[in-house]
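Take a look at the structure below.
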Amino acid sequence: MTLKLMTGAAIAALMLAGCNANATNPADTGVAATYDKTVDGARAYIEDAEAQLAETSEYVGRVYWNQATNITFDTSWLAAKAGAEYTTLAVDLANGTKQFEGVDLPDDLARKFQILRSGIVLPAPSKDGAAEELSNITTGLDSTYATGTFNYKGEDLTLDQLSTIIETSRDPAELKAVWEGWRTVSPPMRDDYGRMVEIANEGANELGFENLADMWLSNYDMPPEDMRVEVDRLWTQVEPLYEDLHCYVRSELNAEYGDEVQPANGPIRADLLGNMWSQGWSAIYPLVAPPAADPGYDVTERLVAEGYDPLQMVKTGEQFFSSLGFEPLPETFWERSQITRPRDREVVCHASAWDLDNADDIRIKMCTEVNSEDFQTVHHELGHNYYQRAYKEQDFLHKNGANDGFHEAIGDFIALSITPEYLKAIGLIDEVPPAEADLGLLMNTALDKIAFLPFAVTVDSWRWDVLDGTTPVERYNDAWWETRTKYQGIVPPGARPSDAFDPGAKYHIPGNTPYLRYFLSYVMQFQFHKAACEQAGWEGPLHRCSIYDNAEVGANFRAMMELGASKPWPDALEAFTGTRQMDGSAITEYFAPLTAYLKEQNQGQTCGWE
Ligand code: X8Z
Ligand code: ZN
């Protein structure tokens, strides 16, 4: 990732992260002081700022890559140091914009000033040592998460191994033990996290924001309060569909496990949903599959049967993009990416995509396994890389997504075209299933995409309350579960210990990756899909549409991607979809046949969980 992009954690922390090292007041530094207080002066200032950020981001990016692919005392030490330097620079440059207050800037410059000022994920205040302390904390949180294990039945298990148990076990006692076990990794993070919030809020204040939540919400081309309203509006659009799914899944789990484990009413027990964080439920598809709607294949089984290895999965993803007219990935992508977990060292396994030189040195970092979930993730990560390459001709501050939700949506939008027809075209299945199988296909997708929506809302609702001071450290865990229950309708499998820090057991919390982006992505990827299918002249149901091999749609999409962050995001959205609003109605349309089925199945049930 480029530093500002933060698709990865560390980098994420960097780009938006902030630190600020020295006590220099930016307005007094040589850099800031030599500019005329005019439009020309402001332009020169921005040009210099972009040059410095470009240079430093490449150096810091390489240090971060080194640490994320080989966590040792020394690589972490270097990452913390480089992170502090980057934050210091970013904060100095952001503070330096204050010298142009009162200058009537043209739109393009005002936009860059705004990006410079609000685009730091964790800003440090300028006082001595603050950037270093902040960077030490974030590097430590990151490593603690990445190297966490839980000893189960005498063996130290990593997150991937524990996740496999959550996905496949149907033994409630085992599920509970493993679910609780992974959450023993995070309590040591809690106080550091609290201190980090304190420092970053001071940094946000110095930059003129009331608090860090407002600063994060200032990156959407509208005032932060309007963005909160926008998120509520979108959530309200999709909430009924989630409630239907919740109700149906709860009743199937009740049938499977009985009243003692999963009551027929109220919230769902979080460890029964087939995912460590209950954020995507497709692993329990076999438990909830509608009868007589069997698609007749399982992507994981098919990948294994056809002898796919992780490299071939990535090549297959590349081939999809090539079919849309994208240039093949550069040779260096294959030489430098980390595609599988190395055996001999600690790494950050959470998938990410990087742009090391703000141009061509793009890579992914994954611990790919041969299964359907990672097949999706490969497309997700490649989406980031193709976006980075598409906007590489933009100025440094515009080398980013139109908003961060766009960045997350590119690859997922492509993956929505992994339909039966597509799988047949690439030889992964022999037969396209009949129309009766649509319900099964849609159920599977809904378990992924619809179940995820309230989770995404939860993560940053919790975090905004933490960042704006509403939730103090002592209430972190209780507030987390209040939010989880409110939006997702789930509860932990047993009472949580008073010192628990369950949010810290989800990568993006210690990794400081803002999470609203994924909610927006899950909304917009369906808008992109719908628009693309219309452009392709598709007339069937949306979930059967694939844009594979459609170079014309590819060219249209690329045109939007090439804009990067050079225009307000509604312009980019309009360029591809013709609309300027994010809108959940494409999701509703996509899942309409499933909704009808869920409503019918839920008849006589008391849905909801209050
Ligand atoms: O973190 C990711 C990507 C990297 S940006 C693998 N995702 C979120 C998550 O895993 O929680 C993709 C979907 C949601
Ligand atoms: Zn991503």
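The values are calculated or read from the model by the stated rules, or taken from the named source; none is laboratory data. These figures come from a predicted structure and were not determined experimentally. So basically every Cβ, Gly included, is an ideal-geometry build from the backbone, and we count neighbours across all protein chains shown.
Brief remarks follow.
- Check on Gly511, on the phi > 0 side of the Ramachandran plot, at pLDDT 95 or above and either surrounded by 21 or more Cβ atoms within 10 Å (Cβ to Cβ) or in contact with a His (Cβ under 8 Å, 6 or more places away or on another chain) (or both): no
- Near pairs, Cβ below 6 angstrom, 6+ apart or cross-chain, from the range 515-529 (among the aliphatic types (A, V, I, L, M)) to any residue that is within 12 Å of ligand 2 (Cβ to nearest atom) and modelled with pLDDT of 95 or more: Leu520/Gly405; Met524/Gly405; Met524/Ala409
Residues are listed down the side, and each one gets a yes or a no for (1) buried (at least 18 other Cβ atoms within 10 Å of the Cβ); (2) closer than 19 Å to Leu116 by Cβ; (3) in contact (Cβ under 8 Å) with a residue 24 or more places away in the chain:
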{"residue": "Val63", "(1), (2), (3)": "yes, no, no"}
{"residue": "Ala79", "(1), (2), (3)": "yes, no, yes"}
{"residue": "Tyr86", "(1), (2), (3)": "yes, yes, yes"}
{"residue": "Asn95", "(1), (2), (3)": "yes, yes, yes"}
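- Helices (runs of 4 or more DSSP H) contained in the range 493-608 and holding at least 3 residues within 16 Å of ligand 2 (Cβ to nearest atom) and out of contact with any Cys (no Cβ under 9 Å at 6 or more places or on another chain): 516-535
- Conditions (1) among the basic types (Lys, Arg); (2) within 28 Å of Ala437 (Cα to Cα); (3) buried (at least 19 other Cβ atoms within 10 Å of the Cβ): number failed by Arg544: (3)
- Cross-chain or 6+ apart pairs with Cβ under 7 Å, the range 236-247 first and at pLDDT 95 or above, then crowded, with 22+ Cβ neighbours inside 10 Å and of a type in the set (Ser, Thr, Tyr): none
- Exactly one residue out of Phe591, Phe557 is crowded, with 22+ Cβ neighbours inside 10 Å, over 24 Å from Asp108 (Cα atoms) and either without any contact (Cβ under 8 Å) to a residue 24 or more places away in the chain or within 23 Å of the chain's Cα centre (by Cα) (or both): that is Phe591.
- Hey, Thr471 free of Cβ contacts under 8 Å to residues at least 40 places away in the same chain, crowded, with 22+ Cβ neighbours inside 10 Å and β-branched (Val, Ile, Thr) or not: no
- Test result for Pro328, more than 16 Å from ligand 1 (Cβ to nearest atom), more than 23 Å from the chain's Cα centre (by Cα), over 26 Å from Lys392 (Cα atoms) and in a loop (DSSP other than H, G, I, E, B): no
- Scanning the range 331-345 for residues that are surrounded by fewer than 17 Cβ atoms within 10 Å (Cβ to Cβ) and either among the acidic types (Asp, Glu) or part of a loop (DSSP other than H, G, I, E, B) (or both) yields Glu331, Glu335, Thr340, Arg341, Pro342, Arg343, Asp344, Arg345.
- Pick from the range 265-307, criterion among the polar types (S, T, N, Q) and either buried (at least 20 other Cβ atoms within 10 Å of the Cβ) or not in a helix (DSSP H, G or I) (or both), ranking: nearest to ligand 1 (Cβ to nearest atom): Gln279
- Every residue from the range 203-215 that is in a helix (DSSP H, G or I) and either touching an Asp or Glu at 6+ places or on another chain (Cβ under 8 Å) or surrounded by fewer than 18 Cβ atoms within 10 Å (Cβ to Cβ) (or both): Ala204, Asn205, Leu212, Ala213, Asp214
- Scan of the range 336-368 for residues that are among the hydrophobic types (A, V, I, L, M, F, W, C) and either more than 13 Å from ligand 1 (Cβ to nearest atom) or modelled with pLDDT under 95 (or both), ordered by number: Ile339, Val347, Leu356, Ala359, Ile362
- Meets criteria (of a type in the set (Phe, Trp, Tyr) and within 16 Å of ligand 2 (Cβ to nearest atom)) for Phe321: yes
- Unique match (being more than 16 Å from ligand 2 (Cβ to nearest atom), part of a helix (DSSP H, G or I), crowded, with 23+ Cβ neighbours inside 10 Å and on the phi < 0 side of the Ramachandran plot) among Thr485, Thr458: Thr458
- Unique residue being under 23 Å from the mean Cα position of the chain (by Cα), part of a helix (DSSP H, G or I), farther than 30 Å from Met222 by Cβ and not acidic (Asp, Glu) when the list is Leu423, Leu453, Leu447, Leu441: Leu447
- Pairs are defined by a Cβ separation below 7 Å, a sequence spacing of at least 6 or placement on different chains, a first member in the range 565-580 that is touching a residue at least 24 places away in the same chain (Cβ under 8 Å), and a second member that is polar (S, T, N, Q) and outside any helix (DSSP H, G or I); the pairs so defined are Ala565/Asn400; Ser566/Gln394; Trp569/Asn403; Leu573/Thr579.
- Tally, over the range 369-404, of residues that are within 21 Å of Ala90 (Cβ to Cβ), more than 16 Å from ligand 1 (Cβ to nearest atom) and among the charged types (D, E, K, R): 3
- Within the range 104-116, considering residues that are buried (at least 16 other Cβ atoms within 10 Å of the Cβ) and among the hydrophobic types (A, V, I, L, M, F, W, C), the one farthest from Asn219 (Cα to Cα): Leu105
- Positions within the range 356-372 being part of a loop (DSSP other than H, G, I, E, B) and within 16 Å of ligand 2 (Cβ to nearest atom), in sequence order: Met366, Cys367, Thr368
- Top-ranked residue of the range 346-355 - restricted to ones that are touching a residue at least 60 places away in the same chain (Cβ under 8 Å) and surrounded by fewer than 24 Cβ atoms within 10 Å (Cβ to Cβ), ranked as nearest to ligand 2 (Cβ to nearest atom): His350
- Gly181 meets the conditions (1) farther than 28 Å from Thr513 by Cβ; (2) not in a loop (DSSP other than H, G, I, E, B) in every case but one. The failed one is (1).
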